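Shown next, in C-alpha cells, is the structure this report addresses.
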Amino acid sequence: MKTNHSKIVDCTIRDGGLVNNWDFSVDFVQKLYAGLNEAGVDYMEIGYKNSPKLLKGSEDAGPWRFLNDDFLRKVIPQKGNTKLSALVDVGRVDENDILPRSESMLDLIRVACYSKDVDKALALVQTFHDRGYETTLNIMALSNVMENELLEAFELIKESSVDVVYIVDSYGSLDHNDVKYLVEKFKTHLPNKRLGVHTHNNMQLAFSNTLVAAELGVELLDASVYGMGRAAGNCPTELLVAHLKGTKYNLRPVLEVLEQLMVPLREKEEWGYILPYMITGTLDEHPRSAMALRSSENKDKVVDFYDKLTTPEVNFDK
C-alpha cells in the first residue's frame, strides 16, 4: 500500500536527549540536520521549548532542553527543506518565551499532555496557532486512558485549531491490532484532523506499528536515527526512509549520519530493545522502574525484576 502521504518527524535530538541529558555538540546537531535534509526527511525536532524557570535541574541540561531562538539561528544559519520542530509540555512552558513564527527558526510546535490536561494543552495550541506555527497535540500514555476520558477529549479537540493529533504509545505496549483500533477511533471522532503516531520499541514493534498507522492514513510519523530515545527508544528513522513506498527519501545520507555520529554514541549511551524495557512494555507500565534497574548493579537480574513488578505485596524500596 502506498504511504506517499506520510511525513517523517525525526526526534533524535529531542527524544534522544532524554538519554544523555541533551549533551549533543553543535557540530553533532548540524551534521544531523544536514544529513536529514539531504535525505528528504520532512521535520527535525531539534529539542524542547520548555522554560528553564519552570523545571528543576535545568542548569545541568544541554541547550536542546530549552531552545533559545538566538542560539538556534547560529546552529542552523542556513535552513534547508527540512522544517524545524520543538515540543513543549503543559505546565512547563511560559508562552511569553515563544516568538511569533515569522521571527523564529521553528515551524512546528507540538504540545504534549496527559488526557486530563487536554483543555490546557489546546489553550497553548491556540496561542501557537495564532503566532503562525503548525501545531500538534500529543496525548501521552493512551494505553492507560479510559474510554470516557478520551471521548471527552475528542469533543474539545474537534472544535480546536490544532492541525495534527498524535496517537502516542508511551509505554511501548501496543501491538498492530491496538494501533488499528486507535487510528480508526481517532478517525471516527476527529474526521477534520490529520493524525500522527509516536511509538516506542519495548517489544520490537515500533517500526511495524508505525507502518500499520501509515498504511491507515496517519500522516506524521515520529522516528529517530538508530532509534535513539529514552529507555527502549523509538522507531528508527533509517527504516522508514528505506521502507516507505511512494516517497522520495534517500537512505545514504542517513547511513552516513549513523556511521559518523550514532554508532560511536551508542557505545557510550544505552537505549533500545533491552529486557527490562520489554518487561515494562508487556505489563503496560512506565519504563522508570526499568531505567532505575539498568543504572543499578543488578541491571541484568530480569527474573527478580519481573517478580517484583508482578507481585503486588513486594515493595521496591526493600
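The values are calculated or read from the model by the stated rules, or taken from the named source; none is laboratory data. Everything numeric here is computed off the predicted structure, so don't read it as measured data. Note that each Cβ is placed from the backbone with ideal geometry, even for glycine, and that neighbours are counted across all protein chains shown. Quick note on the areas: whole protein, heavy atoms, side chains included, nothing else; ligands and nucleic acids left out. Shrake-Rupley method; radii C 1.70, N 1.55, O 1.52, S 1.80 Å.
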Cross-chain or 6+ apart pairs with Cβ under 6 Å, the range 123-149 first and in the same structural domain as V164 (by the TED database), then open to solvent by 40 Å² or more (accessible area, probe 1.4 Å) and basic (K, R):
R131/R101; G132/R101; Y133/R101
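Taking V257 as the residue in question, decide whether it is open to solvent by less than 80 Å² (accessible area, probe 1.4 Å), under 30 Å from G40 (Cβ atoms) and among the β-branched types (V, I, T).
Working: open to solvent by less than 80 Å² (accessible area, probe 1.4 Å): yes; under 30 Å from G40 (Cβ atoms): yes; among the β-branched types (V, I, T): yes.
Judged against the criteria, V257 is a match.
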Can you tell me how many residues in the range 141-163 are closer than 22 Å to D15 by Cβ, at pLDDT 95 or above and buried (at least 21 other Cβ atoms within 10 Å of the Cβ)?
1
Taking the range 225-244, which residues are in contact (Cβ under 8 Å) with a residue 40 or more places away in the chain and open to solvent by 30 Å² or more (accessible area, probe 1.4 Å)?
Y226, R230
Options L67, L36: the member that is in contact with a strand residue (DSSP E or B) (Cβ under 7 Å, 6 or more places away or on another chain), crowded, with 17+ Cβ neighbours inside 10 Å, more than 17 Å from M262 (Cα to Cα) and aliphatic (A, V, I, L, M)
L67
Among the residues of the range 199-212, write down those that are touching a residue at least 60 places away in the same chain (Cβ under 8 Å) and in contact with a Cys (Cβ under 8 Å, 6 or more places away or on another chain).
N201
Looking at the range 16-33, which of its residues are open to solvent by less than 20 Å² (accessible area, probe 1.4 Å), touching a residue at least 60 places away in the same chain (Cβ under 8 Å) and farther than 20 Å from L244 by Cβ?
G16, N20
Across the range 286-318, which residue is nearest to Q204 (Cα to Cα) among those that are part of a loop (DSSP other than H, G, I, E, B), modelled with pLDDT of 95 or more and open to solvent by 30 Å² or more (accessible area, probe 1.4 Å)?
H286
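Anything in the range 126-137 that is under 17 Å from the mean Cα position of the chain (by Cα) and open to solvent by less than 10 Å² (accessible area, probe 1.4 Å)? List them, or say none.
Matches in the range 126-137: T135, T136, L137.
Identify, from the list L221, L205, L195, L255, the residue that is more than 16 Å from the chain's Cα centre (by Cα) and of a type outside the set (F, W, Y). Steps first, please.
Values: L221 fails: more than 16 Å from the chain's Cα centre (by Cα); L205 fails: more than 16 Å from the chain's Cα centre (by Cα); L195 fails: more than 16 Å from the chain's Cα centre (by Cα).
Just a single option satisfies the conditions, and that option is L255.
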Filter result for G80 (within 20 Å of T136 (Cβ to Cβ), of a type outside the set (V, I, T) and in the same structural domain as T136 (by the TED database))
no
The lone condition T82 fails out of (1) surrounded by 19 or more Cβ atoms within 10 Å (Cβ to Cβ); (2) closer than 30 Å to N148 by Cα is (2)
Listed residues V225, V263; which is in the same structural domain as D15 (by the TED database), farther than 30 Å from H5 by Cα and modelled with pLDDT of 95 or more?
V263
Residue check for K49: among the basic types (K, R) and open to solvent by 40 Å² or more (accessible area, probe 1.4 Å):
no
Going by the structure shown, is S104 farther than 20 Å from D42 by Cα, surrounded by 18 or more Cβ atoms within 10 Å (Cβ to Cβ), at pLDDT 95 or above and touching an Asp or Glu at 6+ places or on another chain (Cβ under 8 Å)?
no
